[in-house]
Amino acid sequence: MTTSRTDAEAVYHDLRAEILSGGFAPGSPLRETALATRFGVSRTPVREALRRLAQDRLLVPGTRGMEVRTIDAEEVVQIYDMRVLLEAEAAGQAAQARGTTDLLRLEGLLDRDRKVPDPDDATRIRTNLEFHAAVWRATHNPVLIDLLERLTGHLVHAPQSTLSVGDRWREALDEHENLINAIRDRDEQAARAIAADHMNTARKIRLHLLREAAAR
């Protein structure tokens, strides 16, 4: 792999992680020159990274280059509807296919998250994504993993995490623990139900946030 290609990979993954954690607000411009300076690379790998992020539907052409894509309320609801189905499927498959390493990873992530006293919104988004990604990996199903990664990326543009509403963070961690227990016990039916309820709760909170935003 050439140095330019390696640089492009690094810039792509760093920017993607920052977008997914809410580090860039919807509509934020990502300019090649500024990013090249920030990462200490030429504009060529930055251009390649931005092209890939556009393919992921995280960026769109703006008035001054590429910018973080904004999605409307209807699309947010559609994404949640699909995530309810796919997260339940992933949980069921994880209960069937998980290995010891998968369980250790899930338990480690939950323990880490419980030890964070009062995480900010971006931290809650990032750590929650990491936990869900670990569930997906426990399916050992590359097609399902790819679908969920692509679908989840579209939700980062929704303002404020649902995990920052009321006591939702603590409740979500309890649900994560219940999901781990079902996966450990290879209880496919329970895992599917827990994951579906977990995402349906997030969907309800998101709809409430969208109504509040519309009222303002």
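The values are calculated or read from the model by the stated rules, or taken from the named source; none is laboratory data. Since we're looking at a predicted model, the values are computed, not measured. Ideal geometry is used to build each Cβ from the backbone, glycine not excepted, and the neighbour counts take in all protein chains shown. Protein only, heavy atoms only, side chains kept; ligands, DNA and RNA dropped before computing areas. Shrake-Rupley method; radii C 1.70, N 1.55, O 1.52, S 1.80 Å.
When you check Asp113 against the structure, is it acidic (Asp, Glu) and crowded, with 18+ Cβ neighbours inside 10 Å, yes or no?
Details: acidic (Asp, Glu): yes; crowded, with 18+ Cβ neighbours inside 10 Å: yes.
So Asp113 fits the description; yes.
Determine, yes or no, whether Leu104 is hydrophobic (A, V, I, L, M, F, W, C) and surrounded by 19 or more Cβ atoms within 10 Å (Cβ to Cβ). It would help to see each step written out before you state the result.
Values: hydrophobic (A, V, I, L, M, F, W, C): yes; surrounded by 19 or more Cβ atoms within 10 Å (Cβ to Cβ): no.
So Leu104 fails the test.
Mind listing just one residue for me: the one in region 161-175 that is free of Cβ contacts under 8 Å to residues at least 60 places away in the same chain and in a loop (DSSP other than H, G, I, E, B) and, of those, least open to solvent (accessible area, probe 1.4 Å)?
Checked region 161-175; the qualifying residue least open to solvent (accessible area, probe 1.4 Å) is Val165.
Could we say that Leu209 is modelled with pLDDT under 90 and either farther than 15 Å from Ala91 by Cα or in contact with a strand residue (DSSP E or B) (Cβ under 6 Å, 6 or more places away or on another chain) (or both) here?
So Leu209 fits the description; yes.
Any residue at all in region 178-200 that's out of contact with any helix residue (DSSP H, G or I) (no Cβ under 9 Å at 6 or more places or on another chain) and either charged (D, E, K, R) or open to solvent by 70 Å² or more (accessible area, probe 1.4 Å) (or both)?
To start, the set of residues in region 178-200 that are out of contact with any helix residue (DSSP H, G or I) (no Cβ under 9 Å at 6 or more places or on another chain) comprises none.
Checking region 178-200: not a single residue is out of contact with any helix residue (DSSP H, G or I) (no Cβ under 9 Å at 6 or more places or on another chain) and either charged (D, E, K, R) or open to solvent by 70 Å² or more (accessible area, probe 1.4 Å) (or both).
Any idea which residue in region 32-58 is farthest from the chain's Cα centre (by Cα), counting only those that are more than 14 Å from Arg150 (Cβ to Cβ) and surrounded by 19 or more Cβ atoms within 10 Å (Cβ to Cβ)?
Val41
Criterion first (surrounded by 13 or more Cβ atoms within 10 Å (Cβ to Cβ), touching a residue at least 24 places away in the same chain (Cβ under 8 Å) and over 22 Å from Gln160 (Cβ atoms)) does Pro119 satisfy it?
Details: surrounded by 13 or more Cβ atoms within 10 Å (Cβ to Cβ): yes; touching a residue at least 24 places away in the same chain (Cβ under 8 Å): yes; over 22 Å from Gln160 (Cβ atoms): no.
In short, no.
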